Each structure stands twice: as C-alpha cells, then as structure tokens.
Amino acid sequence: MIDPILTMFITFILASMLRVATPILLAALGECYVENAGILNLGIEGIMLFSAFTSFLGAVATNSSLIGLGVGLCTGLVLALILAVLYVTLKSDQIVVGIAFSLSAIGFTSLYFRILYGTTLPRLPVKEWIVTVPQLADVPIIGRVFFNQPFMVYVSIALVPIFYYILYRTRFGLKVRTLGENPVVADTAGVNVFLYRYIVMLIGGMLAGVGGAYLSLYQVSLFQDNMIQGRGYVAIAIVMFARWNPLKILAGALLYGGAEAFAGAIQALGYLRTIPAEIVLMLPYLITIVGLVVLARRARFPPAFARPYRREMR
Amino acid sequence: MSKEDYAVQMRGITKTFPGVVANKNVDLDLRKGEIHGLLGENGAGKTTLMNILSGFYKPDEGEIYVEGKRVKMHSPKDALKLGIGMVYQHFTLVPEFKVVENIMLGMDVVGKKLSLKATANLIEEQAKQLGFTVDPWSKVADLSLGEQQKVEILKVLLRGAKVIILDEPTSVLAPVEIAGLFNVLKQLASQGKSIVFITHKLNEVMEICDRITVLRSGMKIGTLNRSEIASTLDIIKMMFGVEAEPALAAEVPKELGKEVLKVENLVVESDRGIDAVKGVSFTIREGEILGLAGIDGNGQKELAEALSRIRSVKSGKIYFKGEDVTALSPADLYLKGVTYITDDRISEGLIQDFTLAENVVLKDFRKNGVKRGLFIDWKKITENGRKLAEEYELAAAKPNSLVQTLSGGTQQKLLVAREIGGDASLIIANQPTHGVDAKTTAYIRKKLIESAAKGAAVLLISNDLDEIFSCSNTIAVIYEGRILGILDRQSATRENVAYLMIGVKKD
Ligand SMILES: Nc1ncnc2c1ncn2[C@@H]1O[C@H](COP(=O)(O)OP(=O)(O)OP(=O)(O)O)[C@@H](O)[C@H]1O
Ligand SMILES: [Mg+2]
C-alpha cells in the first residue's frame, strides 16, 4: 500500500498542475500564432488583466460565470484589435506599446475596482465548471487528475493538437508562418499581410482574454490588484523556449504549472515552514527563467520578429 | 496590331519617391509570346516599373491595360489574378520552408487549393515539361542559387502567370545555368507567354530578346526590335547617351612583386558544419589579380569569409605578408590593410537602416579626420559620402539617403566604393559587379586593376567569365571546395575554365 498522505499529495499536485497551467497554456497558444506571424505582443499581460477584471464584473452583474467568461473573451478581442491597429497599421514600436499597455492595465483595473466596490468584496456566482466523468473519476490518482477538472482544462488541452495541425498542416498556418519569415514573400504571394496579422492578433487576444477570465472566475475566484502577476510574460517566455511549436508549448505550460502547483502544495500542507513563502512562490518563475536560458539559447527567432511591415520599403 | 494582341500596355506611368522621380511618364508595350528586354543603368527605374506592373507599388499616375482592358491593381494579389508574376531581384523564397511549401503559398489566389502532395506532383510535372528536375520536398536553403531560380520560375508559372517578369535573373547564375534558363524562357515564349527580362549583360540581350526598351533616369528612351540593333554599342548609346563602349582603360600588370597572401591547406566549415573548403592552397603576390572562377556554392563564400577572418578556420594556415594571421580578428586584419567585398550586400555589406554617409564611414570611424575626441565629425562624414556618390555616379543618391531606398545596383556600387576607396594591400572581392550596369562594371574592374598596379594583391571571386578573363593575371577554378587548377591567363581558354567550373577536366 502506498502511503495515503503521499497519494494525496501527488494527486493534489498533478491535478492542480493541469488547472494552473490552463491560463498560461491558453495565452501561450494565442501568442504562438502572433509570434509566428512576426509580432511580439507584450500587451498580452494587460489583456489578461483587463479580461480578468471585466469578466469578474460581468459574472457578478449577471450572476453567471459563463457570461463572465464570454465578457472576458470579448474584452480580449477588443483590446487585441486596438493593439493590432497600433502594431500593424500604425507600425508603432511593439515593445514600447506592449509594455505601456500592460502597465497601464494595472493602474486602470485597480482604480476602477475600488471605485466600483470600495472595500466590500462582491460574491461570485456559484460556478459549475467541474466536469466529472462517472466511474473513471473514482480511479485513484488518475481519476482526480484527468477526469474531474473544470471544462476549460479539457478545452485548452484539446486546442493544442488543433493549433499544431493548423499551424503546420494547413494553408492558413503556412501563411501565418510566412509572415514571420518574410512578409514580402507573403505579400508577393497574394497574402494580405495586414489582414492576417489582424487575424492572429484577434486569436491571441481571444485566448488571452479567456485565460484572464479563468483566473479571476475560477482559479482565484476573486479580482485582485495585478492578479495576473506576470503570467502573460511567462506565456511569452514559454512560446520562445518552446520554439514557437504548440506541442512544446504544452510541455512548457505543464512545467510551469507543476512548479506553481508544487509551491501551492507546500504552502497548503504547511510543509517546510522554515523556507520563507516568497522563495517558494518564486519557484515557477525561476523554472521559467532556467528553461529560457537552457532551451532558448539557440532558438531561431522568426526573421521578421517584431518588425512592422511597409510595402514600399525594401 | 490591335489592342488585344498586347499582353500588357503601360501608359504614362509616373512614380515618385521622396526626392526621386523613379519613373516619369513611361510607356511599355508587351506583346504575347515575346521576350522583352528592359534595360538601363543602375537606378534608371527598371525595378520600380516592374514593381508597379506586379502590383507591388502603386503608380502616382498612369494606366495599365491587360489584354486591352484597363485594370487597377492594389496589391500583388490583383496582379496574380490577372496572370502577372514576378521573380524579384532579391529572391522571395523562405529558405526555411520546403520547395513545395514555397510554391503552394499563393496558389489559392488563383483558385488552386491543392494539398501539399498534389502541389508536389504539379511541380514535378511542370519542371519535367520545361526539361529540368526539382525535388519538391527539399528545403530551399539547401538548394543552389540556380536551383532556387528554377523554383522561383515554377512558382510564378504554377500561379498561372501569362506575363512573367524576371528582374536580373542571370546575375547570380553560372554560364551553364544561364544557358538552361534561356532554354526555359524560349520555351515559355513559344507557348505564348510574355516575358520581361531585366539584365545588365548586353550579350544576353542580343541572344534572347525579341525587343528591348531602354530607360534612363526614369524616362523611356525608346523601344527597338532585335533586328534594329546592330551591336551592343547601339544599346549602350541609348542607355548612357555616350558614343563609346566603356573601355577597360588599365592593363593588368605583368610584373609581380612580393608575396602578400599565402594560404596553406585551408579547411573551412560551412554554416551547416560540413567542410565547404577542403584543403586549398595558393598564393597572391603584389600586383596580382587571382581570378577565382566557380559556380556559386562551391566554397568560395566560405573561403572569402575565412580569409577576411569572419569565419573560423578548421585547419590550415593563412599568412599575410609573411605573418601568420590565421587567428587574427577581422578588425585587426582590416587595420593591417585587408578589405573584403561581400557578395551579400543586403544583410552583410550594408546596414539598410543607415544612411549612405553612415555606411561609408562604418569601417573607418576610428581613423583621424572623422574622429574628434569622443565625438564624430558629421560634416566630414557627409562630405565623404557626397564625394563617393559623385565619383561612383550613385544615381540620385544623397549622403542622407537611407540605403534601403537605393536601387540594387546602387547599393552594390556603394559597397564596392567603400571597400576599394582606401589603399588596401589585399582586396578580397566576391562578385563585385553583381547587378551593376555596364559602365560602372567597367569602372569597378578598372579600379581593381589600378589597385593591383599600385601593388595591391586582389582575390577576385566571380562566376562571370568575362570578368575573370578581363581582370586577372592568374586564373584558378574552384569546384566542390577544391581548387581544380591554377592557370596562367595566357594559357587558359574560356572553354577550359567553363568545363573546370562544372568539375570536368579537359585536356
Ligand atoms: N522604396 C523606395 N524608396 C525610395 N526610393 C526608391 C525606392 N525604390 C526605388 N527608389 C529609387 O528609385 C530609383 C529607381 O530605382 P530602381 O530600383 O527602379 O532602379 P533599377 O533600374 O532597378 O536599378 P538597378 O539596375 O540598380 O537594379 C532609384 O533612385 C532608387 O533609389
Ligand atoms: Mg533593379
């Protein structure tokens, strides 16, 4: 017999690994298309924060967490559209715009949350997100980890092979990758560079929005100041060390998720009281940095990365 | 001829860029089934005119008719739909993609939504029809320039082009490859396709063009039938407005001095880690121009880079004036008097986002005259840029023009001017006249010869036999990373060298 406490510990870590990896995975999948098309969207952090905020408001107002999720998705679309106008049409510097946008998101959402609620905390509607597969969910460890999860976990994992297939096996994916390699090639092949860059921005915005909503509606069940805590940037880092490949992004997101779950478990179980909590909380980010240094050292960036396209320039 | 017999008619095309009129009221008629040469000196506006026809640039004024019907194009997509395809001066292929992926991209614009496999079959079929083979599944980066050129042509054809524009397609090809390309073009023309052929090599014009149009400073000078052209001199007159063929004023020096460069058993790896140069030895002396002939991709680039020290040497030795420089840094070697003209002006030779004057001073900013304590004398730099632009007749280029706005040939001239302007004792020149018009080609060759006459040693890497034979006093041929023979200019024949370039030794 395995020690029941150990079984519980392992189950807890694996199950929450999938859950905390989900928002990162969603954001990273979207950013993967954005970067493959030659755009660096550092605004992803801000989109997630805004969506976490609006979806929370939406859910409280309508008493439906699903509508809240929809609000988060739409917020992502609208913000991505605004960023796309800046990146693609106005050809602004993507790094400056992205960071400025994400920083202003922190101030904006914190301020309005206080204006709206002061210090009283509104209650979220009861969410029925957990999908339990009968019988299978009772299998030790595996049941809790794979068959008793919020539906967003299943959705995001299902997106991975779909995103991979579209990127590497379809005409659409070929066009997206060409934009990052050389927009001139795409343009002279009759691909509308601007249209496609808008499309990938919208895909990225939508997924980042859903990821943000998932955080406030489910994972944290609350809106807090700066609650994304760099997860958008982590998603960007994961895209890079996964070399822009959706399958490897899944691995990266799980790695991060595992670290975050481990840190959470240690805290929850009250183990290792001697280690300051801050060190434990730092773990996921540390792992991301190490991953970036080790794996992305020889990464080949898309040659047109973060460069706006002008037709009449060579 | 009625209007419908013309594949394309361009009327009164004008295009201005900030500070430059690239095309001024230009007319161009393109008949069905003809090969039409488009000629003019660097910066004359050839590429611009064709960018307009391919929908890439929008004209400020003018009209375009396709098979008699007025058309308005807003993007290359519109042009593709009208059956106009262009092979650009700088190839538009993604090196990281497979051939079939490169070709599939853009076929849906003309309604061909095929799978990769079906596209690959089409590619093989089309290639066979034209008398060559291409592996659709190989990565473009692994192909030679000649093969890439074929992929470009297949790409345009499979997108259903009836009008095919080729912007300087031969400047990167070796003699055999050029002959192959010409066969393909003639075949396409006989199928009724119209071809616009831009080149600076006038003998090619005489060989395959049915008609030619000449541009000068953005204006059309005239259109001639092949039968109206007696010799290349007629074309030169139209292009430059001068009476004489640009002459090689200088004689290749006969007396050679001390040894400048000595290479012993040099082995150099390519980017992909295989030996590209496989044990090469030679020497170059003062006053000597060693013409290294070879088809692109046989190790000449790696050799040139190893000699200029920007690529590491696997084994072997390099001596410069008797000193072992095998491990020297490129900057130190440059300061000792070695200059290098790269064959990749776009990404290695010039900084596209810098101005002309800044690019000129790039290598020399340490020298006195430009340096003022911690600062740089911008007035002087601008002045240097202006002088160079004047000497090399850099068309319409001002010291503060961004390099990316210069025409292909003008960029090349700028690069060469910067490297041979000083008093180097060893010049490594890789395809120095690539894409440069006849007049400046003669000027650059003269400059190289003059440098040699003043005692410099020159390594001239070229796939152009005219260049090799008119400029060098020793000829070496490189094939698959080995030097197949070092010949004296007097005893070498063109035939001999051409065969050696494809690895065949003839006695
Ligand atoms: N995108 C651009 N922006 C600014 N100026 C440009 C641009 N493209 C071309 N020009 C200018 O227009 C003129 C014509 O250039 P073009 O490239 O058509 O010459 P070309 O005849 O093709 O020359 P080459 O033989 O050197 O290729 C040049 O003076 C060039 O500097
Ligand atoms: Mg040109």
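The values are calculated or read from the model by the stated rules, or taken from the named source; none is laboratory data. Quick caveat, the model's predicted, so the values are computed rather than measured. Note: ideal-geometry Cβ built from the backbone for every residue, glycine included; neighbour counts use all protein chains shown. The area values use the complete protein model at the heavy-atom level, side chains included, leaving out ligands, DNA and RNA. Shrake-Rupley method; radii C 1.70, N 1.55, O 1.52, S 1.80 Å.
Is it true that some residue in the stretch A:279-294 is of a type in the set (Ser, Thr, Tyr) and under 23 Å from A:Met8 (Cα atoms)?
No.
Scan the stretch B:340-356 and tell me whether some residue there is modelled with pLDDT under 90, of a type in the set (S, T, N, Q) and within 16 Å of ligand 2 (Cβ to nearest atom).
yes
Quick one: what pairs do we get from the stretch A:289-310, first residue farther than 12 Å from A:Trp244 by Cβ, second small (Gly, Ala, Ser) and surrounded by 12 or more Cβ atoms within 10 Å (Cβ to Cβ), C-beta under 6 Å, 6+ apart or different chains?
What qualifies is A:Leu292/A:Ala237; A:Ala304/A:Gly38; A:Ala304/A:Gly180.
Do any residues in the stretch B:401-414 that are in contact (Cβ under 8 Å) with a residue 40 or more places away in the chain have Cβ atoms under 6 Å from those of residues that are part of a helix (DSSP H, G or I) and more than 7 Å from ligand 1 (Cβ to nearest atom), where the two are at least six apart or on different chains, and which pairs are they?
B:Ser401/B:Leu356; B:Val403/B:Asn359; B:Gln411/B:Arg345; B:Gln412/B:Arg345; B:Lys413/B:Thr440
Has the stretch B:56-76 got at least one residue that is closer than 29 Å to B:Glu204 by Cβ, within 14 Å of ligand 2 (Cβ to nearest atom) and buried (at least 17 other Cβ atoms within 10 Å of the Cβ)?
Scanning the stretch B:56-76 turns up at least one residue that is closer than 29 Å to B:Glu204 by Cβ, within 14 Å of ligand 2 (Cβ to nearest atom) and buried (at least 17 other Cβ atoms within 10 Å of the Cβ).
Going by the conditions given, is A:Gly68 in a helix (DSSP H, G or I), touching a residue at least 40 places away in the same chain (Cβ under 8 Å) and touching a Leu at 6+ places or on another chain (Cβ under 6 Å)?
Criteria met by A:Gly68.
Residue-by-condition table, conditions (1) under 27 Å from A:Ala100 (Cα atoms); (2) in contact with a strand residue (DSSP E or B) (Cβ under 6 Å, 6 or more places away or on another chain); (3) of a type in the set (Ser, Thr, Tyr):
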position	(1), (2), (3)
A:Phe172	no, no, no
A:Thr188	no, no, yes
A:Gly211	yes, no, no
A:Asn226	yes, no, no
A:Gln229	yes, no, no
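Can you tell me which residue among A:Val96, A:Val126 is open to solvent by 40 Å² or more (accessible area, probe 1.4 Å) and either hydroxyl-bearing (Ser, Thr, Tyr) or assigned to a loop (DSSP other than H, G, I, E, B) (or both)?
The match here is A:Val126.
Within the stretch B:112-123, how many residues turn out to be more than 11 Å from every other protein chain (Cβ to nearest Cβ) and buried (at least 16 other Cβ atoms within 10 Å of the Cβ)?
The number of residues fulfilling the criteria is 3.
Name the residues in the stretch B:6-33 that are away from ligand 1 (no atom under 13 Å from the Cβ) and farther than 19 Å from B:Ala79 by Cα, would you?
Scanning the stretch B:6-33 gives a single hit, B:Asn25.
Within the stretch B:40-51, can one find any residue that is open to solvent by less than 10 Å² (accessible area, probe 1.4 Å), within 16 Å of ligand 2 (Cβ to nearest atom), touching a strand residue (DSSP E or B) at 6+ places or on another chain (Cβ under 7 Å) and among the β-branched types (Val, Ile, Thr)?
No - not one qualifying residue is present in the stretch B:40-51.
Can you confirm whether A:Ala263 is without any contact (Cβ under 8 Å) to a residue 40 or more places away in the chain and either open to solvent by 30 Å² or more (accessible area, probe 1.4 Å) or part of a helix (DSSP H, G or I) (or both)?
Here the answer is yes, as A:Ala263 does meet what is asked.
Within the stretch A:27-41, is there a residue that is open to solvent by 10 Å² or more (accessible area, probe 1.4 Å), without any contact (Cβ under 8 Å) to a residue 24 or more places away in the chain and either under 21 Å from A:Leu124 (Cβ atoms) or not in a loop (DSSP other than H, G, I, E, B) (or both)?
For the stretch A:27-41, residues open to solvent by 10 Å² or more (accessible area, probe 1.4 Å), without any contact (Cβ under 8 Å) to a residue 24 or more places away in the chain and either under 21 Å from A:Leu124 (Cβ atoms) or not in a loop (DSSP other than H, G, I, E, B) (or both): absent.
Just one of (1) at pLDDT 90 or above; (2) touching a Lys or Arg at 6+ places or on another chain (Cβ under 9 Å); (3) open to solvent by less than 20 Å² (accessible area, probe 1.4 Å) trips up B:Gly485, so point out which.
(1)
Which is part of a strand (DSSP E or B), open to solvent by less than 30 Å² (accessible area, probe 1.4 Å) and away from chain A (no Cβ under 14 Å), of B:Phe132, B:Phe182, B:Phe197?
B:Phe197
Where in the stretch A:135-241 are there helices (runs of 4 or more DSSP H), lying wholly inside it, with at least 2 residues that are open to solvent by less than 30 Å² (accessible area, probe 1.4 Å) and within 14 Å of chain B (Cβ to nearest Cβ)?
A:171-181, A:183-188
Matching residues to (1) part of a strand (DSSP E or B); (2) under 29 Å from B:Gly337 (Cα atoms):
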residue: B:Ile449; (1), (2): no, yes
residue: B:Gly455; (1), (2): no, yes
residue: B:Ile461; (1), (2): yes, yes
residue: B:Ile475; (1), (2): yes, yes
residue: B:Ile478; (1), (2): yes, yes
residue: B:Leu487; (1), (2): yes, yes
residue: B:Ala492; (1), (2): no, no
residue: B:Glu495; (1), (2): no, no
residue: B:Val504; (1), (2): no, no
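Sort out for me the helices (runs of 4 or more DSSP H) sitting completely within the stretch B:12-111 that have 2 or more residues that are more than 11 Å from chain A (Cβ to nearest Cβ).
Hits in the stretch B:12-111: B:46-53.
With (1) within 16 Å of ligand 1 (Cβ to nearest atom); (2) within 18 Å of B:Gly435 (Cα to Cα); (3) crowded, with 21+ Cβ neighbours inside 10 Å as the list, and B:Ala174 as the residue in question, which single condition is left unmet?
(1)
Do you know which of the residues in the stretch B:152-175 that are assigned to a helix (DSSP H, G or I) and within 22 Å of B:Leu53 (Cβ to Cβ) is farthest from ligand 2 (Cβ to nearest atom)?
Out of the qualifying residues, it is B:Leu158.
State whether one or more residues within the stretch B:351-367 are outside the structural domain of B:Ser451 (by TED's automatic domain parsing), open to solvent by 60 Å² or more (accessible area, probe 1.4 Å), over 30 Å from A:Pro303 (Cβ atoms) and not in a helix (DSSP H, G or I).
Yes: one or more hits.
Quick one: which residue in B:Gly287, B:Gly279, B:Gly291, B:Gly273 is assigned to a strand (DSSP E or B), open to solvent by less than 60 Å² (accessible area, probe 1.4 Å) and on the phi > 0 side of the Ramachandran plot?
Of the residues listed, the single one that is assigned to a strand (DSSP E or B), open to solvent by less than 60 Å² (accessible area, probe 1.4 Å) and on the phi > 0 side of the Ramachandran plot is B:Gly279.
Might you let me know whether the stretch A:286-299 holds any residue that is touching a Pro at 6+ places or on another chain (Cβ under 8 Å), more than 14 Å from chain B (Cβ to nearest Cβ) and not hydroxyl-bearing (Ser, Thr, Tyr)?
No: the stretch A:286-299 contains no residue that is touching a Pro at 6+ places or on another chain (Cβ under 8 Å), more than 14 Å from chain B (Cβ to nearest Cβ) and not hydroxyl-bearing (Ser, Thr, Tyr).
Only one of (1) under 21 Å from the mean Cα position of the chain (by Cα); (2) open to solvent by less than 30 Å² (accessible area, probe 1.4 Å); (3) within 16 Å of ligand 2 (Cβ to nearest atom) is not met by B:Ile420, so which one is it?
Every condition holds for B:Ile420 apart from (3).
Within the stretch B:403-446, count every residue that is touching a Leu at 6+ places or on another chain (Cβ under 8 Å) and either within 12 Å of ligand 1 (Cβ to nearest atom) or outside any loop (DSSP other than H, G, I, E, B) (or both).
Adding up the residues that qualify gives 18.
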